[in-house]
Amino acid sequence: MTNTNQPSLAVELRGISKIFPGVVANDHVDLEVRQGEIHALVGENGAGKSTLMNILYGLIRADAGQIQVEGTPVPMQGPRDAIRHGIGMVHQHFMLIPVFTVGENVVLGSEPVRPGGFYDYARARQAIDDLTKRYGLALDPDARVGDLPVGLQQRVEIVKVLYRGARILILDEPTGVLTPQESTDLFRVLRDLVKSGKTIIFISHKLKEVLAISDRITVMRRGKVVGHLITKETNEAEIARLMVGRDVLLRVDKAPAKPGPVALRIENLSANSDRGVLALRDVSLELHQGEILGIAGVEGNGQSELVETLAGTRHPAGGHVFLADREVSNLSAASIRLAGVSHIPEDRRGAGLVLNYSVADNLILGRQRTPRFAWDGLVLRLRSIFAWAQRLISEFDIRTPSARTPARTLSGGNQQKIIVAREMATEPRVLLAAQPTRGVDIGAIEFIHRRLVAERDGGAAILLVSAELDEVRSLSDRIAVMYEGRIVSVEPPDASEERLGLLMTGGGTGDRLKAG
């Protein structure tokens, strides 16, 4: 007997298959999304989630299978078809024009016009104003997008798809670049959208967020669906096991640190932001061999400038940096690297990799002129390079067809493993790890965490910067809290989330301390 109370389907995918050269991205995938729900789609990087959603949005054509939208078979020949059938997609990397205003970005390609074909500014502004008020998406239509924080830029993307009449919204890794506060704001917006009748497909690898926001979950692994779950009846461990195909250690397993001598000493360090404004203010810290010092703080409070100054990619405005007893304050990035400092940058695609280079070339990046990999710093020693690459591919479980494969063709998790392998393999004295697991799936997170702890136990001094407070708390042996470019307190690793959160937003009674 049919259950008449069962919600109707917003989206039904049947037998979707897509093969790229050497890769089965989607293997006869079935997916049902009910109207008025938040449906999470989870899986490791490379599991086929984004490919499936790009097929639904018309960016990629399936090799086989059928798509139904609200009960009607729909041939998706391109995004115009998806938009016409009420589907909108907010991509992981925003598709906004920074120099345009919010309003100009929202209506781009669908501008209202007055008689004679002239842009109707007043109508556009009114439409955007109505949308933002209806869905609680406070935005200034006249603000320049490039001046907005990331959380508000994401709102612009959501308003863009709503402006085009979307009833079904696909969000691809929507919290990947958001602070915890911005993620909370986003979840409020999503719940309000569902209350107003929208349907949301939420792609993510953050299991706590999936459990907090979704109604049902579909799990993918290596191109196939391996599970359909009801959120309130499952847990992180079950989802992780389905994603990875084995039990996953969800907490960091580490022995107490055994700190040694001071490896890195910072005295009254200051630095300017890219806009020439003082962003790092008189920071003093000591980092010991054999410890992980975590930096906690809301993004934009000087963490990026701190790491870049220590790595030599940003010039200090004042203060001193010592590697053991050697001052390195004004050395170049290359000289600091040769002195034993490795750097996992927060922007892997922009600063960590040359995407068109091969995996092997990226694994020697920054050291390609050293005697190990080149004769006289000019002629590459290809055998040495590929032997090195093969060892690191195996040791760090980099999943690539070969060492000659371009880095751009790998999943985000495997791109991150290239950087982690390159920066750890030279046994650095100091490792600067900025957002080491950002945008990385749970299996790769577990792997990277284990490697960081192993480096610590091997005597490396690790400075960890992460927007994930759970990550900072679980990995760190001490936690320095940054606010408005200053260290406001140094806390023990068992400091409560509430205590750290208060310090991160300028509250609490913590004095600025010099870590000993």
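Quick note: the coordinates plus some simple rules give every number you see, no bench work behind them. Keep in mind the model is a prediction, meaning the values are calculated, not measured. Every residue, glycine as well, gets a Cβ built from its backbone with ideal geometry; the counts of neighbours run over all protein chains shown.
Overview of values
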| item | result |
| --- | --- |
| Those GluC sites (Glu not before Pro) in segment 1-71 that DSSP places in a loop and that have at most 16 other beta carbons within 10 Å | 70 |
| Length-normalised contact order of segment 355-427 in % [C-alpha pairs under 8 Å, at least 6 apart] | 39 |
| Straight-distance crosslink candidates among aspartates and glutamates, where the alpha carbon sits under 16 Å from residue 160 and sequence neighbours closer than 8 are dropped | 104, 111, 129, 130, 140, 142, 172 |
| Where trypsin sites (Lys or Arg not before Pro) fall in DSSP loop in segment 1-91, at most 16 other Cβ within 10 Å | 61 |
| Label-reachable residues, segment 316-343, where backbone N falls under 20 Å from a point 7 Å from residue 365's Cα toward its Cβ | 332-343 |
| Stokes-Einstein diffusion coefficient of segment 232-311, Kirkwood radius over Cα pairs, 37 °C, 0.692 mPa s, in µm²/s | 203 |
| Dipole magnitude (debye, nearest 20) for the chain, charges at Cβ of Lys, Arg, Asp, Glu | 1180 |
| Projected label distance in nm at residue 426 and residue 211, using a 7 Å step from Cα toward the beta-carbon | 4.0 |
| Nearest-0.05 FRET efficiency for residue 95 and residue 233, computed from C-beta distance (R0 45 Å) | 0.80 |
| Candidate lysines for bridging to residue 258, where Cα separation is under 27 Å - those fewer than 8 sequence places away on the same chain excluded | 417, 514 |
| Total formal charge among the other residues, if their Cβ is under 9 angstrom from that of residue 58, Lys/Arg +1 and Asp/Glu -1 | +1 |
| Neighbour cut-off at most 15 other Cβ (10 Å), DSSP loop, trypsin sites (Lys or Arg not before Pro), segment 215-287 | 222, 246, 251, 275 |
| Förster-model FRET efficiency, 45 Å R0, residue 330 and residue 383, C-beta, rounded to 0.05 | 0.75 |
| Projected label distance in nm at residue 14 and residue 110, using a 7 Å step from Cα toward the beta-carbon | 2.9 |
| Full-stretch length increase - residue 375, residue 222 - with 0.36 nm per residue and alpha-carbon distance subtracted | 50.9 nm |
| FRET efficiency, residue 196 to residue 129 (Cβ-Cβ, R0 25 Å, nearest 0.05) | 0.90 |
| Gained length - residue 118 relative to residue 142, 0.36 nm times residue gap less alpha-carbon distance | 6.8 nm |
| Residue-averaged 222 nm ellipticity for the chain, from DSSP H runs of 4+ at -39500 (n - 2.57), nearest 500 | -9000 deg cm²/dmol |
| Charge-dipole axis of the chain as Lys and Arg at +1 and Asp and Glu at -1 on Cβ define it, positive-most pick from 385, 118, 302 | 385 |
| Aspartates and glutamates whose Cα lies under 14 Å from that of residue 195, excluding same-chain neighbours fewer than 8 positions away | 37, 215 |
| Stretch gain in nm, segment residue 241-residue 497, where the contour uses 0.36 nm per residue and the Cα spacing is subtracted | 89.5 nm |
